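Worksheet for the structure shown next.
Read the figures in this text as sums done on the coordinates, not as results from a lab. Predicted, not measured: the structure shown is a model, and the values here were computed from it. Quick reminder, even Gly has a Cβ in these numbers, built from the backbone with ideal geometry, and neighbours come from all protein chains shown.
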Amino acid sequence: MQRKRTLYAPIKLCLLPLLVLLLAGCEGADTRQPAHAQQKSEPSEQRRPYVRSSSLIEALEDSSSYWVDSVFNALSPEERIAQLIIIEAFSDQGERYEADVMHLVEKYKIGGMIFFQGGPVRQAMLSNRYQAASKVPLWFAMDAETGVGMRLDSAMYYPSQQMLGAISDSGLIHRMGMEVAREFRRLGMHINFAPVADINNNPNNPVIGSRAFGENRLDVTAKSIAYMQGMQSGGIVAVAKHFPGHGDTDVDSHHDLPIIPFGRERLDSLELYPFRELIEQGVGGIMVAHMHIPQLDPTPNLPSTLSKPIVTGLLREELGYKGLIFTDAMVMKGVTKYFDPGEAEAKALIAGNDVLERLNSVPKAINAVKAAIERGEIAQAEIDRRCKRILRAKQWLGLDKYKPVKLENLVEDLNYPGADVTNWAIAEAAITLLNNEKRVLPLRPDSKLKIATVSIGARRVTAFQRQVKQQLPATTDFYISRKATARDTKALLKKLRKYDVVLVALYGPSVRPSNNLNYSKASTQLVQQLAASNKAVITLFDNAYTLNQFPGIEKSRALILAYQSHFHSQAAAAQLIFGRIPARGTLPVTVNKHYSVGDGINMDKPFMAGARSILNP
């Protein structure tokens, strides 16, 4: 018996590796693990150490990654198409909605998501769940032009790009970009659809406006590069938009297909200029807009997103762009007006886009792309090439070593003090003084003048009024609705007669800059009457273009533009009025014949001797 056991032992040892191999080859043996988890069991001697490139552009050209090849080889042709898809996701829509998103993750193996409204903790919890269920690591994007707080509650909200356009120090914009990237990484996100590189030279633009840095191509370019470099130095992908330029249109591509009639000479000298320079500086992604541009592609009703002459011919080949090309949202009327779901996505890939964003139907898109492959309109090899580029981008972002988002202290980490300091610095640098008749500013805190404050568009005393009160406790505060009646405004004007100076604050309907403040006729006339009273110091806490909604506002003794109503801007306006900070901002756009791009009474030091900045009281 002893001899038999001795003979059997080596046979058992020989059969053991074969048994392991047979088990590994059984159908379904590895289907319970995501593709990115499978690689942990591969022999280490087969791997080449991954050396992260200094830029995403370099990473996209690197074909030596074992991780990319192994994940790619685990994907079916349909799943390779799905890697080119980013679906929308919300964290405030409830369990039924979340189940629908999970279905797309598990059944179709989509490449990623773009998150919209919700809360940071809820989003992080969902991100972790979706990642755990995904065969390939998901990448997460957000339209966060002004930071995570643009979409999520309990997070930092940064200034609009128009407000950034008013400052001269692009270093502040770079710093803001780094802080936005830090927030993205903390939330487990990877792509920000920013900066807006459009040159907004049309005051009637309904969709860009305050989202752009301004109308001067050099200024827009410098600030777009600063924001992009800040984000990418922080380890995320910046996506410049909306190629080839959405600034000079009066049609919103969310609701219709804008037509851009300009010829190539105009486009080269203006709209394309920022994108060309961003490409030179290594921007990781570019988003193509839904616009019809007959001079670049005369095909009737064809959005630029679906145009091969624009996406491949102009952007990829002529401009030499090697980064990732994203479509604008495929649910927008600019594309769906003339093309059905599925058809549009197939045409977008045929045109040369790498990533399809926000689809009406994932299955229709995948089936339409498969049909296009069968018809020979695009090759499976081309889909495979783009799929590998996306996997390389995911590895560059660290998704080959994915770790769940930590929920502990998440809200606190998204609101760290350094970001608040940046917001203060930007608010102080952007505040723009447009009028200062007879040097009414700065007001002296020890003045015997009787001073009142009036907030129009407020339901209670505002942060601006509280800040003024800190400087001059004797002020009297009033507030009135944007929808005030003639009776309301008449009563207020009567009360204001006894005051020597009236500090007027104008607010829109939201902390975000507005296209239309929606003031009633009586409230608009109230602003006009105060401006003509020779005692009004008016501050607009909204989009610069909305100055046009108050004819005669240029008659005010002093006029200040603060661009939006977040706390930092309101405090900065009060500090400026009392001479505690200098006026350094310049108007980034032409508003009307009274106020043009570059205007601003610029003073390099505070009005008051010995006055201190908000940052250094």
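With respect to the chain, whose longest principal axis is taken over its alpha-carbon atoms, helix 362-374 is tilted by about 60°.
Only aspartates and glutamates eight or more places from K535 in sequence, or on another chain, were considered; those with a Cα closer than 17 Å are E437, D477, D500, E554. Ordering N202, L496, S565 by Cα displacement along the dipole of the chain toward the positive end leaves L496 in first place; charges were set at the Cβ atoms of Lys, Arg (+1) and Asp, Glu (-1). The fewest-to-most ranking of K223, K107 by surrounding Cβ atoms within 10 Å reads K107, K223. Farthest toward the positive end of the dipole of the chain, out of A240, G600, F339, is the Cα of G600, where the dipole comes from beta carbon charges about the Cα centre. Electrostatic tally near S565: other residues with Cβ closer than 14 Å to its Cβ, Lys and Arg +1, Asp and Glu -1, net +4. When the pairs K448/K469; K337/K370; K107/K347; K469/K521; K241/K593; K448/K495 are compared against a 27 Å limit on Cα-Cα distance, K469/K521; K241/K593 fall above it. For the chain, the Cβ-based charge dipole about the Cα centre amounts to some 2140 debye (Lys, Arg positive; Asp, Glu negative; other atoms uncharged). Taking every DSSP bridge with both residues inside the chain, close to 10 percent are antiparallel.
For the range 250-323, the equivalent ellipsoid derived from the alpha-carbon gyration tensor has semi-axes of 21, 13, 13 Å in decreasing order.
Report the relative contact order of the range 431-577, percent, no decimals, based on alpha-carbon pairs under 8 angstrom and at least 6 residues apart.
Rounded, it is 31 percent for the range 431-577.
Across the range 56-414, the convex hull enclosing all Cα atoms gives 122 Å³ per residue. Over the chain, the hull volume per residue, using the convex hull of the C-alpha atoms, is 181 Å³.
Quick one: divide the alpha-carbon radius of gyration of the range 431-577 by 2.2 N^0.38 Å and tell me what you get.
0.93
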